[in-house]
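S.K.: Quick one: the structure is below, questions incoming.
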Amino acid sequence: MIQIVSLLSFVGFLLIALFKSSFSTINSNVDSWATSIQTDSFTQVAIVIAYVFDTPALLAISLLTAGCLFYARHRKNSIFLLTTMAGNAAIVAIVKTIIRSPRPLNGLMYDAEFSFPSGHAAGSIVFCGLLTYFGWQHWKSPEVRTSLSILYITITLVVGFDRLYLNVHWFSDVLGGYLL
């Protein structure tokens with residue numbers, strides 16, 4: 001089942017990458033909408049979220065988490081987390097360099113990298129997904145598993161919304177990051 005979901009996600013990512021220009025209307029509409037809801041206080045929260053889920057910060061958090069897992073004798077999960085997060089960061093960087101998509105010009109933060117796909121979206125999916133997977137291995141309670149899944153979905157949606165709110169990514173970038 002996971003292989004089918006992975007394959008469909010990758011095909012979706014490739015379709016977005018190939019037809020990114022078809023998203024211009026929705027990208028512009030979402031960018032304009034995000035500008036219309038911005039407030040000073042919420043922007044400060046959004047900036048914190050952006051820094052916490054930035055690739056270097058997520059890699060550092062992953063290293064710390066992997067150390068805790070290793071210490072708790074979950075060595076396979078520790079190594080799996082580190083290699084997956086490093087692989088995700090490398091793949092996102094390579095794809096950004098190949099596609100070279102510009103960011104929106106009205107971003108509330110400066111980011112010199114290219115826009116597609118969103119590394120924050122991809123990183124949050126991978127990191128939170130792995131932690132959810134590890135939690136599912138450890139806890140068998142349906143209530144705990146449901147809570148972990150809801151938390152995972154909520155965090156990844158908040159990170160994606162954050163990128164749009166700050167006008168540092170287009171809608172297609174966030175969707176591409178999720179699918180990648």
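S.K.: For the stretch 117-157: of the residues being among the polar types (S, T, N, Q) and either farther than 30 Å from residue 100 by Cβ or open to solvent by 80 Å² or more (accessible area, probe 1.4 Å) (or both), which is modelled with the lowest pLDDT?
M.R.: So, considering only residues that are among the polar types (S, T, N, Q) and either farther than 30 Å from residue 100 by Cβ or open to solvent by 80 Å² or more (accessible area, probe 1.4 Å) (or both), the one modelled with the lowest pLDDT is 137.
Here is a yes/no grid of residues against (1) part of a helix (DSSP H, G or I); (2) touching a residue at least 24 places away in the same chain (Cβ under 8 Å); (3) of a type in the set (Phe, Trp, Tyr); (4) out of contact with any Leu (no Cβ under 6 Å at 6 or more places or on another chain):
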{"position": "80", "(1), (2), (3), (4)": "yes, yes, yes, yes"}
{"position": "83", "(1), (2), (3), (4)": "yes, no, no, yes"}
{"position": "88", "(1), (2), (3), (4)": "yes, yes, no, yes"}
{"position": "98", "(1), (2), (3), (4)": "yes, no, no, yes"}
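S.K.: Exactly one condition in (1) surrounded by 11 or more Cβ atoms within 10 Å (Cβ to Cβ); (2) within 14 Å of the chain's Cα centre (by Cα); (3) not polar (S, T, N, Q) is not met by residue 56; state its number.
M.R.: Status for residue 56: all satisfied but (1).
S.K.: Could I ask something else about it? Out of the stretch 66-78, which residues are assigned to a helix (DSSP H, G or I) and surrounded by fewer than 18 Cβ atoms within 10 Å (Cβ to Cβ)?
M.R.: 67, 68, 70, 71, 75, 76
S.K.: Moving on to the next point. What pairs come out if I take residues in the stretch 43-63 that are among the hydrophobic types (A, V, I, L, M, F, W, C) and pair them with residues that are open to solvent by 70 Å² or more (accessible area, probe 1.4 Å) and part of a helix (DSSP H, G or I) whose C-beta lies under 8 Å away, six or more apart or interchain?
M.R.: Short answer, once both residue conditions are applied: 57/51.
S.K.: Test residue 62 against the criterion of being touching a Ser or Thr at 6+ places or on another chain (Cβ under 9 Å), open to solvent by less than 40 Å² (accessible area, probe 1.4 Å) and either in a loop (DSSP other than H, G, I, E, B) or charged (D, E, K, R) (or both), and give yes or no.
M.R.: no
S.K.: On to the next question. How many residues are farther than 15 Å from residue 129 by Cβ and of a type in the set (A, V, I, L, M) when one looks only at the stretch 70-81?
M.R.: Residues meeting the conditions: 2.
S.K.: Tell me, yes or no, whether the stretch 103-113 has at least one residue that is part of a helix (DSSP H, G or I) and either loosely packed, with under 12 Cβ neighbours inside 10 Å or of a type outside the set (Phe, Trp, Tyr) (or both).
M.R.: no
The values are calculated or read from the model by the stated rules, or taken from the named source; none is laboratory data. Note that the structure is predicted; figures quoted are calculated from it, not measured. Cβ: placed from backbone, ideal geometry, glycine included. Neighbour counts: every protein chain shown. For accessibility, only protein heavy atoms count, side chains too; no ligands or nucleic acids. Shrake-Rupley method; radii C 1.70, N 1.55, O 1.52, S 1.80 Å.
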